[in-house]
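Heads up: the structure comes next, in structure tokens.
The values are calculated or read from the model by the stated rules, or taken from the named source; none is laboratory data. What you see is a predicted model, and the numbers here were worked out from it, not measured in a lab. Here the Cβ positions follow ideal geometry from the backbone for every residue, glycine too, while neighbour counts run over all protein chains shown.
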Amino acid sequence: MHGVVRSYVLASAVVLVLLSALVIYMTRMDAEQHVIETAEHQNTVLAQVLANSVWPQISPYVTTVVETDGDALRSRWETELIDQLMRSAVRDLPVLKIKVYNLAGTTVYSSDLAQIGTNERDHPLFIAAMREGQVQSKHSFRKSFLSFDGPVSDRHVVESYLPVRLGGDGKGAFGPETFGVLEIYADVTANMAHEEAKIFKLLAMLAVVFAFSYAVLFLVARSAQRVIRRQYSELENKAVELEQALKAQVEYNDLHREFVAMASHEFRTPLTIIDGSAQSIIRKIDVIPREKVLQRCSEIRQAVMRMTGLIDSTLSAEQLQQGKIRMEPQPVQLADLITQVRDRQQRISPSYSLKLALQDLPQEIEGDPRLLEQVFTNLLSNAVKYSPQGSEVEITGAQEGGQAVVKVRDHGVGVSPSEMPRLFQRYFRASTSMGVAGTGIGLHLVKHIVEMHGGVVGAESVEGRGSVFTVRLPLELQEKPSLHDNTQTVVAAAA
């Protein structure tokens, strides 16, 4: 047997032993309690009989005797009378001993004469019986015991403390007032033997049931072991995947913190430009030339456009994460759309040369012009941002089969080969982008918008020489959004 079966055998054996011991213990406790309750009931009935038949004859002596010396009490004629009455009352009953206490706790009478004169006033069972009028019983096993008939051995005994409660005259049936306490020792050896015999039978039945269950579970464990062997390698693979996922999550959290810091800086920069330009105009409002005012206003507009672009990108990334980007497909003149994006970027970055070659693009494709505009705005903005001043950016287009293919080529800083697999991850920024403003969400947004259209986007890059981004879009959408719900659900990758 291998590890699983060995562990099962040991664990099952321990569990079965503990469970059997618990069942036997609880059963024996219930049986013992049943024996005590039965004996207590019998002792209570006997006490009622004694209260009606014997107590009226011994009450004057028990309630008035003041001696506490055992020899003096044993020599009293009343003691012999009580002994005769008690022996007559319990003849043929399973009673081993009777003791009579007065209210002071003195043992006025005991069938074991040596105990006459002892005091039980501090015994908790005597106190409960005398003060609270409650019957109190307990079970014990005695190796030796002096009974009415002489010494006996190995007996189970239930001893009950029973308050003698009579009417106000101290005679007759049980009443509201306590006049003394009887202690009756009942022999329950036969009862316990009967209960233990039932427990033994129960134990035998449990052994059979547990043996059968053990055998069935053993076969199940053997079968489970074979399944575990088959799945062990799968679990190892899952563990590796989980470790990789955890590592990716840690990296994502780090990137998110970097994004928050970068976004804060990115918003602060245009705000500083706006504030500086506005203050310059305010200070020189009376003397500043019109050209300077126009220049400052242009700076303010560019800063506002920069902030608007940052806000739009951030909101789009958040909507993408929540699956709330709405796609509204319609015919799109792709060449015209890219031309408009190029013209806007050219106005923002006049020192760059943005060249178009889109004559080979299909005249029309199906898509969402608002989302596609965001794709090419991000690509052109990145091409300019990561290229040196005055450099060229080429935008070319063609049709390949059923796809429109657009390429954006720059001659900028490029990306190292080790970082290319993470280029489209959310918040990721290549090491070559250090010192260049950005949030790391633009390319991630580009990738998922293109995929929403059923297309793909890829990149080629040489560090220090530039990058080429290729967007492939189908001429017609394969899956159109529902008329009732045109919200495209997208699960965004960590970046």
Residue that is farthest from Pro60 (Cα to Cα), among those in the range 94-146 that are of a type in the set (D, E, K, R) and part of a loop (DSSP other than H, G, I, E, B): Asp122
In the range 377-420, residue farthest from Glu476 (Cα to Cα) [restricted to those that are crowded, with 19+ Cβ neighbours inside 10 Å and within 47 Å of the chain's Cα centre (by Cα)]: Val415
Failed item in (1) within 19 Å of Ser160 (Cα to Cα); (2) surrounded by 15 or more Cβ atoms within 10 Å (Cβ to Cβ); (3) not hydrophobic (A, V, I, L, M, F, W, C), with Gly117 passing the rest: (1)
Arg342 closer than 21 Å to Leu473 by Cβ and either among the basic types (Lys, Arg) or at pLDDT 95 or above (or both): yes
Members of the range 81-104 found to be touching a Ser or Thr at 6+ places or on another chain (Cβ under 9 Å) and under 15 Å from Val181 (Cβ atoms), listed by number: Met86, Lys97, Ile98, Lys99, Val100, Tyr101, Asn102, Leu103, Ala104
Pairs with Cβ under 7 Å, 6+ apart, first in the range 57-73 and more than 19 Å from Pro163 (Cβ to Cβ), second hydroxyl-bearing (Ser, Thr, Tyr) and assigned to a helix (DSSP H, G or I): Leu73/Thr79
Residues of the range 473-490 satisfying the condition of being at pLDDT 90 or above and surrounded by 18 or more Cβ atoms within 10 Å (Cβ to Cβ): Leu473
Qualifying residue in the range 438-455 (condition: of a type in the set (Ser, Thr, Tyr) and either at pLDDT below 90 or touching a helix residue (DSSP H, G or I) at 6+ places or on another chain (Cβ under 6 Å) (or both)): yes
Qualifying residue in the range 166-189 (condition: touching a Leu at 6+ places or on another chain (Cβ under 8 Å) and more than 21 Å from Ser53 (Cβ to Cβ)): yes
Conditions (1) modelled with pLDDT under 65; (2) within 27 Å of Gln403 (Cβ to Cβ): number failed by Asp336: (1)
Residue in the range 176-199 that is without any contact (Cβ under 8 Å) to a residue 40 or more places away in the chain, part of a strand (DSSP E or B), in the same structural domain as Ala11 (by TED's automatic domain parsing) and in contact with a strand residue (DSSP E or B) (Cβ under 7 Å, 6 or more places away or on another chain) present: yes
Among the residues listed as Phe259, Phe210, Phe179, the single one being surrounded by 13 or more Cβ atoms within 10 Å (Cβ to Cβ), modelled with pLDDT under 75 and aromatic (Phe, Trp, Tyr): Phe259
Residues within the range 23-45 that are surrounded by 13 or more Cβ atoms within 10 Å (Cβ to Cβ) and either without any contact (Cβ under 8 Å) to a residue 12 or more places away in the chain or farther than 17 Å from Lys138 by Cα (or both), tallied: 4
Extreme residue, farthest from Ala39 (Cα to Cα), among residues of the range 130-152 that are modelled with pLDDT of 90 or more and touching a Pro at 6+ places or on another chain (Cβ under 9 Å): Ser144
Residue list for the range 351-376, filter: among the polar types (S, T, N, Q) and surrounded by fewer than 17 Cβ atoms within 10 Å (Cβ to Cβ): Ser351, Ser353, Gln359, Gln363
Candidates Glu366, Glu373, filtered to the one that is under 15 Å from Gln340 (Cβ atoms) and under 56 Å from the mean Cα position of the chain (by Cα): Glu373
Among (1) modelled with pLDDT under 75; (2) closer than 30 Å to Leu371 by Cβ; (3) among the aliphatic types (A, V, I, L, M), the one test that Ala245 misses: (1)
